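Report on the following structure.
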Amino acid sequence: CRWLAEQAEGLGVEIFPGMAASELVMDGDRVAGVVAGEMGKNPDGTPGPSYEPGMELRGKYVMIAEGVRGSLAKQLIEKYDLSAGHEPQKFGIGMKEIWEIDPAKHKEGTVVHTMGWPLGKNAGGGSFIYHAENNQVFIGFVVHLNYENPYLYPYAEFQRFKHHPAIAELLEGGKRVAYGARAISEGGWQSLPKMTVPGAVLLGCSAGMVNVPRIKGNHNAMLSGIAAANAA
């Protein structure tokens with residue numbers, strides 16, 4: 001993403017990091033832009049004491065690429081009833097950590113995927129381990145959010161996974177340098193909503209383009225952006 005940002009800026013694209021698009025700008029029934037950089041709202045959406053209004057960014061086309069369950073995408077899907085006739089979207093949670101490990105255990109380019117354990121019959125899910133550069137590994141665990149046991153704790157399942165002898169041995173002597181989590185759209189092809197409305201289009205995970213069997217989301221998101229740009 002950092003590399004792509006540099007390429008885009010080299011082509012004259014303006015990037016505004018650190019601010020969210022908080023609402024759509026409508027021109028009648030057509031999406032005309034977004035409001036970005038609005039700060040200081042109360043939890044109920046009213047302006048707070050430190051409120052700062054945002055900027056209206058208008059465009060000939062508005063391409064919504066917010067990731068999973070983005071707030072503007074949800075507004076568009078509801079306003080235009082884009083999911084009518086399609087299967088409901090399904091979701092998972094993916095937790096990811098970046099570790100610096102013992103160089104003797106590091107094999108750059110190695111990819112490991114697992115399914116199931118330690119979830120058993122509790123839930124669907126699995127793991128990924130990617131050996132990146134600089135003796136780092138990206139290790140993560142995904143849990144599908146349709147589990148029936150209300151006591152299932154996805155993060156604790158991730159912790160259990162890291163105690164498997166093969167994983168514990170890989171991480172022993174290492175150091176965790178970053179961690180995070182995010183939702184994943186898992187409904188697949190049959191859960192894709194209609195993706196176009198007057199003036200706007202849904203891209204990537206805003207529409208739910210993750211190919212779960214192949215564990216590919218970035219690929220389809222980028223290809224959807226290319227297709228939308230060519231169409232525009």
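Here the Gaussian network model covers the chain, with springs between Cα atoms less than 10 Å apart; of G174, G18, G67, G18 fluctuates the most.
Rounded to the nearest 20, the size of the Cβ-charge dipole of the stretch 1-49 about its Cα centre is 120 debye, with Lys and Arg at +1 and Asp and Glu at -1. The calculated 222 nm mean residue ellipticity attributable to helices in the chain amounts to -6000 deg cm²/dmol, summing -39500 (n - 2.57) over DSSP H runs of n ≥ 4 and dividing by all residues.
Across the stretch 168-217, Cα pairs under 8 Å and at least six residues apart give a relative contact order of 33 percent. Per residue, the convex hull spanned by the Cα atoms of the chain amounts to 176 cubic angstrom. For the pair A229 and A20, a Förster radius of 22 Å applied to the C-beta separation gives a FRET efficiency near 0.45, rounded to the nearest 0.05.
With a simple spin-label model that places each label point 7 Å from the Cα along the Cα-to-Cβ direction, the separation between A156 and Q7 comes to 4.4 nm.
Computed from the Cβ-Cβ distance with R0 of 41 Å, the FRET efficiency linking D27 to H86 stands at 0.90.
Compared with the dominant Cα axis of the chain, that is its longest principal axis, helix 218-231 is turned about 20°. Put the Cα centre of the stretch 1-47 next to the Cα centre of the stretch 131-150 and the gap is 29 Å. Of the residues G18, A8, P43, the one whose Cα sits farthest towards the positive end of the charge dipole of the stretch 1-70 is A8 (charges of +1 on Lys and Arg Cβ, -1 on Asp and Glu Cβ, taken about the Cα centre). Of all lysines in the structure, the ones whose alpha carbon falls short of 26 Å from that of K41, not counting any fewer than 8 places away in one chain, are K74, K79. Placing unit charges on each Cβ (+1 for Lys and Arg, -1 for Asp and Glu) gives the chain a dipole about its Cα centre, and among G28, V197, H163 the Cα reaching farthest toward its positive end belongs to H163.
In terms of the Cα gyration tensor, with a ≥ b ≥ c the square roots of its eigenvalues, is the stretch 1-95 rounded because a/c is under 1.5, prolate because a/b exceeds b/c, or oblate? It comes out rounded by the Cα gyration axes.
About its Cα centre, how strong a charge dipole does the stretch 108-207 have in debye, to the nearest 20, once Lys and Arg get +1 and Asp and Glu get -1 at the Cβ? Display every interim value, and only then the final one.
Working: 7 positive and 7 negative charges, 48 e Å.
Roughly 220 debye for the stretch 108-207.
Which residues in the stretch 24-57 have a backbone N closer than 13 Å to a point placed 7 Å from the Cα of E78 along the Cα-to-Cβ line? Output list for this probe position: 24.
A cut-off under 13 angstrom between Cβ atoms defines the neighbours of F138, and their net charge, with Lys, Arg +1 and Asp, Glu -1, is -2. Normalised by the number of residues in the chain, the mean separation of alpha-carbon contacts (under 8 Å, six or more apart) gives a relative contact order of 22 percent.
For the stretch 66-135, calculate the relative contact order in percent as a whole number, restricting contacts to Cα pairs under 8 Å that are 6 or more residues apart.
26 percent.
Roughly how many debye, to the nearest 20, is the charge dipole of the stretch 31-105 about its Cα centre, given +1 on each Lys and Arg Cβ, -1 on each Asp and Glu Cβ, and no other charges?
With Lys and Arg at +1 and Asp and Glu at -1, about 220 debye.
Answer rounded, prolate or oblate for the stretch 123-232, using the Cα gyration tensor with square roots of eigenvalues a ≥ b ≥ c: rounded when a/c is under 1.5, else prolate when a/b is larger than b/c, else oblate. Taking the square roots of the gyration eigenvalues as a ≥ b ≥ c, the stretch 123-232 is oblate.
Between F128 and E108, the simple spin-label model (points 7 angstrom out along Cα→Cβ) gives 2.0 nm.
Treating each Cα of the stretch 56-194 as an identical point scatterer and summing with the Debye formula, the log10 of I(q)/I(0) at q = 0.21 Å⁻¹ comes to -1.21.
Where a number appears in this text, it was derived from the coordinates with a stated rule and is not lab data. Being a predicted model, the structure only gives us computed values, none of them experimental. Here Cβ is always computed from backbone atoms with ideal geometry, including for glycine, and neighbour counts include all displayed protein chains.
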